[in-house]
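To start, the structure itself, in structure tokens.
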Amino acid sequence: MRLSRYFLPTLREVPKEAEIISHQLMLRAGMIKQQAAGSYSWLPMGFKVLNKIVRIIEEEQARSGAVQLLMPTLQSADLWRESGRYDAYGKEMLRFKDRHERDMLYGPTNEEMITDIFRTYVKSYKDVPLNLYHIQWKFRDEVRPRFGTMRSREFLMKDGYSFDVDEAAAVRAYHRVFVSYLRTFARLGLTAIPMRADTGPIGGDLSHEFIILAETGESQVFCHSDILEKPIPAVDTDFDSDLSAVFADWTSLYAATEEMVDQAAYEAAVPADKRVSARGIEVGHIFYFGTKYSEPMKANVTGPDGKDAPVHMGSYGIGPSRLVPALIEAFHDDAGIVWPVSVAPFEAILINLKAGDAATDAACGALYAEFQAAGIDVLYDDRDAGAGQKFANADLIGIPYQLILGPRGLREGQAEIKHRKSGERETLPIDAAVARIKSLIEPQRLDQI
Ligand code: P5A
């Protein structure tokens with residue numbers, strides 16, 4: 001992509017309304033634009049990052065046997081009356097009437113709708129286990145939308161729903177998602193800590209939040225420091241796997257949010273030098289709620305004994321539009337964002353230090369073509385602008401590798417690579433530069449787990 005043809009409305013000033021660094025950087029790097037309280041347009045570069053996160057989630061969902069579909073954003077109130085949640089949900093639900101005066105709502109979550117789909121088609125124990133998910137916009141009329149897309153009113157959610165014949169099988173499904181989520185966050189470059197959590201309006205009594213540590217996090221968390229070092233288990237997450245041992249291992253170390261922490265239990269379980277009390281961001285949340293929806297909504301399956309019984313369910317959420325700022329909270333420095341390769345909007349940026357100079361343009365044009373031939377997602381800064389501005393911009397938007405070429409380098413046959421994360425610079429022959437960047441990028445693209 002040529003920057004001169006792209007749409008990257010970066011800002012020089014720190015916007016006043018943004019209190020936390022990720023919100024400031026998303027606005028400054030031209031990733032989002034606010035449209036109303038808690039509602040944002042995703043500008044091209046922000047949208048690219050969001051899509052990369054979505055792709056990683058989809059890959060890990062497929063690996064765990066979950067099946068993707070797509071449900072609408074607007075829902076009929078009748079379904080929610082069946083489950084009893086229409087009145088219980090409260091002011092966070094955006095309610096309205098259509099032209100026929102029918103009560104409608106903008107979905108804050110989809111337990112009812114997926115239960116309706118399930119009961120329409122699935123009748124036998126032979127058709128479960130099943131895990132269906134979608135990635136769709138949600139609306140919650142949050143009292144305090146804030147921090148940009150971290151807590152917005154309209155946000156993207158990956159929400160998955162498991163169906164099993166009995167509690168034991170449903171808990172196995174829960175364990176599978178638990179491990180699959182650990183992998184998903186690890187692939188995004190994040191250390192997410194699973195913690196026992198409250199179930200709130202979703203219900204049930206088994207629930208974990210996945211939290212990443214960040215100073216600006218909204219909740220206080222308490223955990224054993226060993227969890228932060230735990231390697232992600234290299235296990236199969238497909239339907240046949242029994243991951244209860246992995247689950248037991250991960251949950252044996254104390255971790256709880258401020259709503260659940262029992263100070264005495266925490267201090268008894270964790271030696272003083274291993275106690276971590278820090279702020280965290282909730283990036284995922286999973287629930288097992290048994291027959292809470294299937295029973296009132298009559299989603300039954302016939303068991304091997306020929307008897308009908310309500311199916312056992314769980315639901316599993318990840319917030320991709322929250323993960324974008326969460327990643328920035330984890331990966332930035334004074335100059336701007338520092339994207340991990342796996343989610344970077346572009347893998348490399350080619351900086352032409354003298355756009356308009358025929359020889360430099362020709363050499364950079366050749367490098368640009370070489371990047372494309374090598375399958376590297378590159379942004380080519382071909383704008384007629386000063387070097388200082390280009391360097392500051394490249395640092396701000398956080399592309400992992402910068403390839404810099406100007407008339408002097410061209411005369412000497414040398415180009416410069418700057419590693420955004422470490423600041424390290426290397427000078428090398430122009431015709432070796434793209435191969436070098438490719439060799440740096442490739443191992444970071446691969447599934448490292
Ligand atoms: C689980 C999936 C649920 O809604 N039902 C379907 C369950 N869980 S949850 O915890 O309420 O939300 C799941 C994830 O969505 C993200 N999220 C948000 N992201 C941005 N802005 C918001 N206002 C917001 N609310 C929830 C979080 O990542 C959360 O873990």
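The values are calculated or read from the model by the stated rules, or taken from the named source; none is laboratory data. Source: prediction; values computed, not measured. All Cβ positions, even for glycine, are placed from backbone atoms using ideal geometry, and neighbour counts span all protein chains on display. Only protein heavy atoms, including side chains, enter the accessible area calculation; ligands, DNA and RNA are left aside. Shrake-Rupley method; radii C 1.70, N 1.55, O 1.52, S 1.80 Å.
Condition check: within 16 Å of the ligand (Cβ to nearest atom) and open to solvent by 10 Å² or more (accessible area, probe 1.4 Å). Does His285 satisfy that? Yes: the conditions hold for His285.
Here is a yes/no grid of residues against (1) of a type in the set (Asp, Glu); (2) closer than 26 Å to Leu190 by Cβ; (3) at pLDDT 95 or above:
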| site | (1), (2), (3) |
| --- | --- |
| Glu258 | yes, yes, no |
| His285 | no, yes, yes |
| Thr291 | no, no, yes |
| Val301 | no, no, yes |
| Lys307 | no, no, yes |
| Pro320 | no, yes, yes |
| Leu323 | no, yes, yes |
| Leu327 | no, yes, yes |
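Helices (runs of 4 or more DSSP H) fully within region 352-449 that include at least 1 residues being among the charged types (D, E, K, R), at negative phi and under 35 Å from the mean Cα position of the chain (by Cα): 358-373, 387-397, 433-445.
The number of residues in region 225-258 that are more than 16 Å from Ala170 (Cα to Cα) and not in a helix (DSSP H, G or I) comes to 14. Taking the listed residues Ala373, Ala387, the one that is open to solvent by 30 Å² or more (accessible area, probe 1.4 Å) and over 30 Å from Ala330 (Cβ atoms) is Ala373, with no other qualifying. Residues that are within 10 Å of the ligand (Cβ to nearest atom) and either among the small types (Gly, Ala, Ser) or crowded, with 22+ Cβ neighbours inside 10 Å (or both) within region 122-141 comprise Tyr133, Arg140, listed in sequence order. Within region 316-337, being under 16 Å from the mean Cα position of the chain (by Cα) and not in a helix (DSSP H, G or I) holds for Tyr316, Gly317, Ile318, Gly319, Phe331. Number of residues in region 142-161 that are under 10 Å from Pro325 (Cβ atoms), more than 7 Å from the ligand (Cβ to nearest atom) and assigned to a strand (DSSP E or B): the value is 0. Spot the failing condition for Arg5; the list is (1) over 19 Å from the mean Cα position of the chain (by Cα); (2) without any contact (Cβ under 8 Å) to a residue 60 or more places away in the chain; (3) within 16 Å of the ligand (Cβ to nearest atom), and only one is missed. Tallying (1) over 19 Å from the mean Cα position of the chain (by Cα); (2) without any contact (Cβ under 8 Å) to a residue 60 or more places away in the chain; (3) within 16 Å of the ligand (Cβ to nearest atom), Arg5 fails exactly one: (3).
Has region 271-281 got at least one residue that is in contact (Cβ under 8 Å) with a residue 24 or more places away in the chain, closer than 15 Å to Ile211 by Cα and open to solvent by 60 Å² or more (accessible area, probe 1.4 Å)? Scanning region 271-281, I find at least one residue that is in contact (Cβ under 8 Å) with a residue 24 or more places away in the chain, closer than 15 Å to Ile211 by Cα and open to solvent by 60 Å² or more (accessible area, probe 1.4 Å), so the answer is yes. When region 301-317 is limited to residues that are among the charged types (D, E, K, R) and more than 14 Å from Asp127 (Cβ to Cβ), the one that is farthest from the ligand (Cβ to nearest atom) turns out to be Asp305. If you go through region 104-113 and keep only what is within 12 Å of the ligand (Cβ to nearest atom) and either out of contact with any Asp or Glu (no Cβ under 9 Å at 6 or more places or on another chain) or open to solvent by 40 Å² or more (accessible area, probe 1.4 Å) (or both), you end up with Gly107, Met113.
Does Ser241 satisfy the criteria of being within 16 Å of the ligand (Cβ to nearest atom) and open to solvent by less than 60 Å² (accessible area, probe 1.4 Å)? So Ser241 does not fit the description; no. Scanning region 55-103 for residues that are assigned to a helix (DSSP H, G or I), open to solvent by less than 60 Å² (accessible area, probe 1.4 Å) and under 21 Å from Ser294 (Cα atoms) gives Ala77, Leu79, Trp80, Ser83, Arg85, Tyr86. When Glu215, Glu259 are checked against the criterion of being surrounded by fewer than 17 Cβ atoms within 10 Å (Cβ to Cβ), away from the ligand (no atom under 16 Å from the Cβ) and either farther than 14 Å from Ile281 by Cα or not β-branched (Val, Ile, Thr) (or both), Glu215 stands alone in meeting it.
Here Gly90 meets each of (1) more than 16 Å from the ligand (Cβ to nearest atom); (2) at positive phi with one exception, condition (1). Quick check on region 190-212: of everything there that is more than 10 Å from the ligand (Cβ to nearest atom) and assigned to a strand (DSSP E or B), which residue is farthest from Pro231 (Cα to Cα)? In this case the residue turns out to be Leu206.
Asp116 satisfies every condition listed in (1) within 10 Å of the ligand (Cβ to nearest atom); (2) surrounded by 20 or more Cβ atoms within 10 Å (Cβ to Cβ); (3) closer than 27 Å to Ser76 by Cβ; (4) of a type in the set (D, E, K, R) except (1).
If you go through region 1-48 and keep only what is within 21 Å of Lys138 (Cα to Cα), hydrophobic (A, V, I, L, M, F, W, C) and open to solvent by 80 Å² or more (accessible area, probe 1.4 Å), you end up with just Phe47. Being away from the ligand (no atom under 16 Å from the Cβ), more than 30 Å from Lys138 (Cα to Cα), touching a helix residue (DSSP H, G or I) at 6+ places or on another chain (Cβ under 8 Å) and in a loop (DSSP other than H, G, I, E, B) is not true of Pro345.
Restricting attention to region 158-173, the residues that are buried (at least 22 other Cβ atoms within 10 Å of the Cβ) and of a type outside the set (Asp, Glu) add up to 7.
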